[in-house]
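Participant: I have a structure here, written as structure tokens, and I will follow up with some questions on it.
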Amino acid sequence: MIDQRLRGVLVLVAGAFLITLAALVRLYVYPSGLVLPAAQDRITKLTTESGSYFDAATLSTHRGVPLETAVARYGDMVRSTPDVAVWTEFVSLATRDGRRVDYHERRAAFDRRTGQAVNCCENYVDENADPAPRGLVFRWPFDARPVAYQVYDPLVRRPVAARFEGIETLYGVRVNRYAQRLVNERLVQQAMELPGSVLGLGGEKPFPVNAYLDGTRTFWVEPESGMVIGFRENLVKTLRTLDGRGRLVALAADMRTSTGDERWNAGEAEQFRRWSTLVNRVIPLSCAVLGALLLVAGLRVRVRAPAPDGPAPADGLGGDGGDGGDGVSAGGGAAAPEPRPAGG
């Protein structure tokens, strides 16, 4: 049987181990898991039932047309590192019957902990290299705050503030809503000319035009994971002559991610949130409380344990009486002498 004092030591050791484990899980295991994925292979869709667009091939405008944007993102596992992820994005806007309206693509590297753009790995937007991207790309940071974030816009080639506007619940998940407002933003695109007749100027003389963007992008972000659960784009793209007299609405659409995609994103964010709760709160707190209780119990066992036995008594003192002939009582005490009779 284990000695009581040794039992107290073992309980103390177990309590100290659990408290150390709580600190390791909270301060090391949890932070090491907060890394944005390098792997990515997903297509998300945004839709609208009534959009308008200008067809440059036929010089005609189509209104009230159902439109769909497919956003495909793929991770480059070869160029990605433990600290930096590299994704390529392809964005195709088309009518529901498959007629392409617009197309863009980009390659961007970003910090796997902060989501901030990183200047490496042959970043590009469309046909141009993008040597110095700035701001968030693809994902919000973990533990997103109710503040404004600079989000890189590949169309205007610079970060645009996405301001916090409130808290909502989307498919059972608590999300932060951020809005990115674009006002008279000039787009970077190849030189283009259109006849005056479609620009409201009359005649067939061609005029060079620039493209401008106005509208709002809204992001619904699950804050713990930084995942964008839903995305809405309400934009108007106009083509204007250099003097501003002629103009044409090239695109007007209010598009939002599909219900299926938002549900899937919400499920992924909820899985991360459960993992975060378990590793960041439940396990450390449980280990710390149990460890503290064991420490207290171990100390009590040590205090209440009897002192260890002293050295064995010398021969003839306190022994068991040997063969029983030295006047030692059965109880182990010396026998008292009998009194003498008086006068004798």
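The values are calculated or read from the model by the stated rules, or taken from the named source; none is laboratory data. Quick caveat, the model's predicted, so the values are computed rather than measured. Cβ coordinates were reconstructed from backbone atoms using ideal geometry, including for glycine residues, and neighbour counts include every protein chain displayed.
Participant: Pairs needed: first member in segment 170-191, in the same structural domain as residue 149 (by TED's automatic domain parsing) and on the phi > 0 side of the Ramachandran plot; second member anywhere, surrounded by 14 or more Cβ atoms within 10 Å (Cβ to Cβ) and of a type in the set (Gly, Ala, Ser); C-beta distance under 6 Å; at least 6 residues apart or different chains.
Facilitator: 171/266
Participant: Still on this structure, I have one more. If I filter segment 1-8 for residues that are touching a residue at least 12 places away in the same chain (Cβ under 8 Å), more than 30 Å from residue 223 (Cα to Cα) and crowded, with 18+ Cβ neighbours inside 10 Å, do I get at least one hit?
Facilitator: yes
Participant: Scanning for something closer than 28 Å to residue 64 by Cβ and crowded, with 18+ Cβ neighbours inside 10 Å, does segment 158-172 turn up at least one residue?
Facilitator: no
Participant: Same structure, new question: Looking only at segment 171-184, decide whether some residue is over 24 Å from the mean Cα position of the chain (by Cα), assigned to a strand (DSSP E or B) and basic (Lys, Arg).
Facilitator: Residues of segment 171-184 that are over 24 Å from the mean Cα position of the chain (by Cα), as a first pass: 181-184.
With assigned to a strand (DSSP E or B) added as a condition, the list becomes 181-184.
Cutting the leftovers down to basic (Lys, Arg) gives us 181.
Yes, segment 171-184 has at least one match.
Participant: Scan segment 233-252 residue by residue and report those that are free of Cβ contacts under 8 Å to residues at least 60 places away in the same chain and out of contact with any Gly (no Cβ under 6 Å at 6 or more places or on another chain).
Facilitator: Within segment 233-252, the first condition is being free of Cβ contacts under 8 Å to residues at least 60 places away in the same chain, and the residues that meet it are 234-238, 240-247.
If the condition is that a residue be free of Cβ contacts under 8 Å to residues at least 60 places away in the same chain and out of contact with any Gly (no Cβ under 6 Å at 6 or more places or on another chain), then 237, 238, 240, 241, 242, 243, 244, 245, 247 are the ones that fit.
Participant: Filtering segment 236-260 down to residues that are surrounded by 17 or more Cβ atoms within 10 Å (Cβ to Cβ) and among the aliphatic types (A, V, I, L, M), which residue is nearest to residue 72 (Cα to Cα)?
Facilitator: 255
Participant: Only one of 90, 54, 110 is within 20 Å of the chain's Cα centre (by Cα), in the same structural domain as residue 209 (by TED's automatic domain parsing) and assigned to a strand (DSSP E or B). Can you tell me which? Write out each step before concluding.
Facilitator: Numbers: 90 fails: within 20 Å of the chain's Cα centre (by Cα); 54 fails: within 20 Å of the chain's Cα centre (by Cα).
Of the residues listed, the single one that is within 20 Å of the chain's Cα centre (by Cα), in the same structural domain as residue 209 (by TED's automatic domain parsing) and assigned to a strand (DSSP E or B) is 110.
Participant: Something else about it: If you go through segment 292-304 one residue at a time, do you hit one that is at pLDDT 70 or above, loosely packed, with under 10 Cβ neighbours inside 10 Å and more than 30 Å from residue 62 (Cα to Cα)?
Facilitator: So far as segment 292-304 goes, yes, one or more of its residues are at pLDDT 70 or above, loosely packed, with under 10 Cβ neighbours inside 10 Å and more than 30 Å from residue 62 (Cα to Cα).
Participant: Take residue 58 and tell me if it is among the β-branched types (Val, Ile, Thr), under 30 Å from residue 200 (Cβ atoms) and either touching a helix residue (DSSP H, G or I) at 6+ places or on another chain (Cβ under 8 Å) or surrounded by 14 or more Cβ atoms within 10 Å (Cβ to Cβ) (or both). Outline the logic, then answer.
Facilitator: On the way: among the β-branched types (Val, Ile, Thr): yes; under 30 Å from residue 200 (Cβ atoms): yes; either touching a helix residue (DSSP H, G or I) at 6+ places or on another chain (Cβ under 8 Å) or surrounded by 14 or more Cβ atoms within 10 Å (Cβ to Cβ) (or both): no.
For residue 58, the condition - among the β-branched types (Val, Ile, Thr), under 30 Å from residue 200 (Cβ atoms) and either touching a helix residue (DSSP H, G or I) at 6+ places or on another chain (Cβ under 8 Å) or surrounded by 14 or more Cβ atoms within 10 Å (Cβ to Cβ) (or both) - is not met.
Participant: Something else about it: On the basis of being more than 14 Å from residue 139 (Cα to Cα), surrounded by 15 or more Cβ atoms within 10 Å (Cβ to Cβ) and in the same structural domain as residue 50 (by TED's automatic domain parsing), does residue 118 make the cut? If you could, list the steps in order and put the result at the bottom.
Facilitator: Values: more than 14 Å from residue 139 (Cα to Cα): no; surrounded by 15 or more Cβ atoms within 10 Å (Cβ to Cβ): yes; in the same structural domain as residue 50 (by TED's automatic domain parsing): yes.
Considered against the rule, which asks whether it is more than 14 Å from residue 139 (Cα to Cα), surrounded by 15 or more Cβ atoms within 10 Å (Cβ to Cβ) and in the same structural domain as residue 50 (by TED's automatic domain parsing), residue 118 comes out as no.
Participant: For segment 75-92, name all the residues that are aromatic (Phe, Trp, Tyr) and closer than 13 Å to residue 117 by Cα.
Facilitator: Residues of segment 75-92 aromatic (Phe, Trp, Tyr): 87, 90.
Scanning segment 75-92 gives a single hit, 87.
Participant: Any idea how many residues of segment 134-161 are farther than 17 Å from residue 189 by Cα, of a type outside the set (Asp, Glu) and outside any strand (DSSP E or B)?
Facilitator: So the count comes out to 13.
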